[in-house]
Amino acid sequence: MKKGLFLLIFISLVFFSTTVSAEEKDILIQTKDIVPASSWELVGVDVNEQTGVKFEIYEEKVLPNLLIPMAGNGQWDYVTSSVWTTSHATSGATKYKRDKTVHSTGGDFMISVPYHYVYGVLHNTAKAGISIELYEEDPLKSTHVDWRYVNPPPKGSVYHAVWRDLNGYVDGTNKKAEFYAEYAMNYIGDSFSVVYSD
């Protein structure tokens, strides 16, 4: 009788101490970094000391005329795409254009920039570059997440701009972050489709 009672208490303790709620599972899933594909080469890493957000940029070689192959490794989820233009370019890449709002579960967020032809840089001593401001949208006031300056990728490549550690921006009843990018260029070039992934 004592052994049976002891066994019942032991099993109950083990079961209740290892049970994880659905909300805790969501949090556990969101905090795990998404692993880049093995074909991606790390170009740079940095951490925003004010926000704690980690930024990584990867280069992926792609076949000519092939759109960005997303979710090939089953890790990233395609969210949406958007056409970016260079018609508002200035020599200092200071005239920003706001893109659409994109929902994210937090954790990691990516904007993929494909190769596109650059006709000319508007400042003769600068390299072509894209200035990207990432914001989390809120009804009263949007929150600045990070700023990055990215060069257009070389021919035959895609740059994957990855922001990590974004769980602190998840809010609201939908338990999602609403990110949007503002972008500016210092060059005139072809329009191109960026891909947002989560």
#### Entry: Some residue of the range 176-186 being free of Cβ contacts under 8 Å to residues at least 60 places away in the same chain, farther than 21 Å from Trp76 by Cβ, part of a strand (DSSP E or B) and under 17 Å from the mean Cα position of the chain (by Cα)
no
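Can you tell me how many residues within the range 51-79 are at positive phi and at pLDDT 90 or above?
1
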### Query
Which residues, taken from the range 162-175, are assigned to a loop (DSSP other than H, G, I, E, B), of a type outside the set (Gly, Ala, Ser) and more than 19 Å from Pro36 (Cβ to Cβ)?
Val170, Thr173, Asn174, Lys175
### Query
Any idea which residue in the range 122-132 is surrounded by the most Cβ atoms within 10 Å (Cβ to Cβ), counting only those that are among the hydrophobic types (A, V, I, L, M, F, W, C) and at pLDDT 90 or above?
Ile130
### Query
Of the residues that sit in the range 138-187 and are surrounded by fewer than 16 Cβ atoms within 10 Å (Cβ to Cβ) and hydrophobic (A, V, I, L, M, F, W, C), which one is modelled with the lowest pLDDT?
Leu140
### Summary
Picked from the range 91-118 (must be of a type outside the set (A, V, I, L, M, F, W, C) and closer than 12 Å to Pro152 by Cα), the residue surrounded by the fewest Cβ atoms within 10 Å (Cβ to Cβ) is Tyr117
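The values are calculated or read from the model by the stated rules, or taken from the named source; none is laboratory data. Note that the coordinates shown come from a computational prediction; the quantities given were computed from them, not determined experimentally. Using ideal geometry, Cβ is built from the backbone for each residue, glycine included, and neighbour counts are taken over all protein chains shown.
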